[in-house]
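Where a number appears in this text, it was derived from the coordinates with a stated rule and is not lab data. Note that the structure is predicted; figures quoted are calculated from it, not measured. Ideal geometry is used to build each Cβ from the backbone, glycine not excepted, and the neighbour counts take in all protein chains shown.
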Amino acid sequence: MKSLAHFNINFFSSFQVKFIEGTMERFGVKSAPSRNRSKTALYVTPQDRVTEFGSELHEDGGKLFCTSCNVVLNHVRKSAINDHLKSKTHTKRKAEFEEQNVRKKQRTLTASLQCNSTAQTEKTSVIQDFVKMCLEANIPLEKADHPSVRAFLSRYVKNGSSIPKSDQLRKAYLPDGYDNENQLINTEDR
């Protein structure tokens, strides 16, 4: 019986405490801050940390990187950034980084793929222009397989070494050139 009474007292006291806290919040009275509150900055972006810490950090794809160490840092906790910048490994890598002439910055996969896609479009346009030139000049595509033509293309034409052999030019790029020429002829006839 004693334990049941003890349970009821604890139940009502916790209920009363929650009721009082709810009433205080409704009337705009704030209770003391909780001790369990996290010490993280809620609205800090990686770009904010870059402006705060300068050239030691850089941002790419919503992630914060240490420029000299090439590691991802937690941009939410300033103490984690300070701890990293004071670490022995960072100071060692920073000294090595400053000795190098090339400044390499780590990028996210998304940024790398975007860069590759622009190179891919340039490559495709060079190949299509080459096929168009061969068609207009009445040059057989087999001439692209000759070693001297290959050497000339790779030496003097940007992305010239990416031009495939004649059989792949016929299969993959000749239909595009053919379709484009037919569209031009059709528009000229009208």
### Task
Please list, in chain and number order, the residues 5+ apart from L64 or on another chain whose amide H is under 5 Å from its amide H, with Hs placed from the backbone.
L73, H75
### Query
If you place +1 on the Cβ of every Lys and Arg, -1 on the Cβ of every Asp and Glu, and leave all else neutral, what size is the dipole of segment 42-100 about its Cα centre, to the nearest 20 Debye?
300 debye
### Query
Which whole-Hz ³J(HN,Hα) couplings does segment 51-60 yield from phi under the Karplus relation 6.51 cos²θ - 1.76 cosθ + 1.60, θ = phi - 60°, glycine and proline marked x?
5, 6, 9, x, 7, 6, 10, 9, 10, 8
